[in-house]
Amino acid sequence: MDCDVLIIGSGLAGLSAAYAASKAGASAIVLRKASGSNSLLSQGGIACALNDEDAEKHVSDTLAAGEGLCDEKAVRTLVKEGRERIRDITALGMEFDSKRGREAAHSASRVLHAGGDETGKKMVEFFSRLLAGEKDVELREADVEALVVGGKGCGGVVADGKTINSRGIVLATGGYASLYGHTTNSPCATGETIALARRAGAALADLEFVQFHPTVFQGGATFLVSEAVRGEGGMLRNDKNERFVNELLPRDVVSRAIDGQMRKGRRVFIDVSRVDDFDERFPSIYRRLREQRIDAFSDLIPVAPAAHYCMGGVLTDTDGRTAIPGIYAAGECACSGVHGANRLASNSLLECLVFGWRAGRNAAKEKGRNCGATVTAAEATPKAETEKIRKLMWKDAGIVRNARQLRIALREMKKMRGDSVALAKLAAEAALAREESRGCHYRRDFPKKSGAWKRRIIWK
């Protein structure tokens, strides 16, 4: 046995899992990609209830955003253990900024930040320092070539031509928003491991629910203009200087409003002139704007929506267990039902922290199995086809969808191959099947919510 727990992915969910496994007495290997993780890009913050009364409000806000499809047990676990984990890491030395922020669809200012707009990066760096002091945790840079189920433990992976065996595996590889032509995500977020897990026997769920962030900078570079900017007073205007939407409505509503303006030929901007201490509160955004020769104090900032976060992924319970014995999943690649049809802002880092911790702790309890090994090899998508998929998904399965466009996308995908293509097909098929509009899934031909669709689409 090479290790007790093998963790695929080195974002916040993977590092949280590694730390929890180590504290449970297990040895762990963390496999990471050279291209990094989405956690490093996360600006908005991490939601954490202020007290017991606010915890109930945080639960209510999360359920409301999920529009009837949240798993309430998962939501209550997120909120309760989120407070506990924040206390834990603060005691270990994680430093958060003194001021809490309020973001879209939150009923209170409960969002913690670190380094202003570098919360994800600061948390990943913090856990990396913690793990550097754990002698039984090893980080390796490697690409997964196959998933092994069974054998000497629960299985393992083939990475860079070598098999790594373990008693428990945690998948923490992020989502699939980079299957869209315009995205805030790391280039590695194309969902290959999610598709690989399905072929190995895991179930997937909620793939039609993809969140589009409303305010992504449009210019010589692409980067997120955090939701917190609107929470602190940033206002959206079109090129006629007209405000056209309440900036604090849920992301899907704001994204569709901006998309509607752009379809009319209008350009959209965010005005941050009323945000106090913008350069101190959002140092990373301010720096990147300066690089683009935009003065945040006097210039309007051009923005547009982009694919940002995926509610769907590998189906798990609240302990992170998948349908494959011994294999767990956490973070954006997982689907515990905590987000339902739409994620509440700043619940993603909280999800990584809480459910990564749970998955690592439970994977450490695995005893291993002696059975025949089944090897499921990864199926790479050719680069040219990846670019075709990104164009198709943005054009035909994007912010506003309809049956005709979804069928066009599916017809084109039949000509392509690879794990990313397989996942994109399932997402488009789920979007076609769900004949209603709910959360971040909007059908122009079915613009209303339907009671008949208050259910999840699960792929087994």
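The values are calculated or read from the model by the stated rules, or taken from the named source; none is laboratory data. What you are looking at is a predicted structure, and each value in this text was computed from that prediction instead of being measured. Cβ sites come from the backbone with ideal geometry, for glycine too, and all protein chains shown count toward neighbours.
Being more than 20 Å from the chain's Cα centre (by Cα), over 30 Å from THR376 (Cα atoms), without any contact (Cβ under 8 Å) to a residue 12 or more places away in the chain and surrounded by fewer than 16 Cβ atoms within 10 Å (Cβ to Cβ) is a description that does not apply to ASP239.
Would you confirm, using the coordinates I've provided, whether ALA428 is modelled with pLDDT of 95 or more and either within 18 Å of CYS333 (Cβ to Cβ) or in contact with a helix residue (DSSP H, G or I) (Cβ under 7 Å, 6 or more places away or on another chain) (or both)? In short, yes. Would a scan of the range 98-118 turn up a residue that is outside the structural domain of ALA228 (by TED's automatic domain parsing), touching a strand residue (DSSP E or B) at 6+ places or on another chain (Cβ under 7 Å) and part of a helix (DSSP H, G or I)? No, the range 98-118 contains no residue that is outside the structural domain of ALA228 (by TED's automatic domain parsing), touching a strand residue (DSSP E or B) at 6+ places or on another chain (Cβ under 7 Å) and part of a helix (DSSP H, G or I). Please go through the range 7-40 and give me each residue that is in a strand (DSSP E or B) and of a type outside the set (D, E, K, R), ordered by number. ILE7, ILE8, ALA28, ILE29, VAL30, LEU31, listed by residue number. All of GLY82, GLY44 fail the test of being modelled with pLDDT of 95 or more, within 28 Å of GLY9 (Cα to Cα) and crowded, with 21+ Cβ neighbours inside 10 Å, apart from GLY82.
State which residue is surrounded by the most Cβ atoms within 10 Å (Cβ to Cβ) when the search covers only the range 154-168 and only residues that are within 25 Å of the chain's Cα centre (by Cα) and farther than 13 Å from ALA373 by Cβ. Looking at residues that are within 25 Å of the chain's Cα centre (by Cα) and farther than 13 Å from ALA373 by Cβ, I get GLY168. Scanning the range 360-408 for residues that are of a type in the set (D, E, K, R) and in contact with an Asp or Glu (Cβ under 9 Å, 6 or more places away or on another chain) turns up ARG361, GLU366, GLU379, LYS388, ASP396, ARG401, ARG404, ARG407. Candidates in the range 47-68 are the residues that are outside any helix (DSSP H, G or I) and over 17 Å from the mean Cα position of the chain (by Cα); of these, the one that is surrounded by the fewest Cβ atoms within 10 Å (Cβ to Cβ) is ASN51. The set of residues from the range 242-282 being under 25 Å from LYS121 (Cβ atoms) and without any contact (Cβ under 8 Å) to a residue 12 or more places away in the chain comprises just one member, ASP277. Under the condition of being part of a loop (DSSP other than H, G, I, E, B) and at positive phi, which residue from the range 296-341 is farthest from the chain's Cα centre (by Cα)? Among those residues, the one meeting the criterion is GLY326. Screening MET393 against (1) over 21 Å from the mean Cα position of the chain (by Cα); (2) within 19 Å of ALA307 (Cα to Cα); (3) crowded, with 21+ Cβ neighbours inside 10 Å leaves a single unmet condition, (1).
Scanning the range 128-149 turns up no residue that is in contact with an Asp or Glu (Cβ under 8 Å, 6 or more places away or on another chain), modelled with pLDDT of 95 or more and among the hydrophobic types (A, V, I, L, M, F, W, C). Could you go through the range 301-313 and let me know if any residue there is surrounded by fewer than 24 Cβ atoms within 10 Å (Cβ to Cβ) and either more than 16 Å from SER226 (Cβ to Cβ) or among the hydroxyl-bearing types (Ser, Thr, Tyr) (or both). No - not one qualifying residue is present in the range 301-313.
LEU207 fulfils the conditions (1) crowded, with 20+ Cβ neighbours inside 10 Å; (2) farther than 24 Å from THR62 by Cβ; (3) not hydroxyl-bearing (Ser, Thr, Tyr) except for a single criterion, (2).
Being crowded, with 16+ Cβ neighbours inside 10 Å, out of contact with any helix residue (DSSP H, G or I) (no Cβ under 9 Å at 6 or more places or on another chain) and farther than 30 Å from VAL375 by Cα is a property that PHE269 has.
Comparison of ARG83, ARG32 shows that the only residue that is in contact (Cβ under 8 Å) with a residue 24 or more places away in the chain, assigned by TED's automatic domain parsing to the domain that holds ALA334 and over 30 Å from GLY150 (Cβ atoms) is ARG83.
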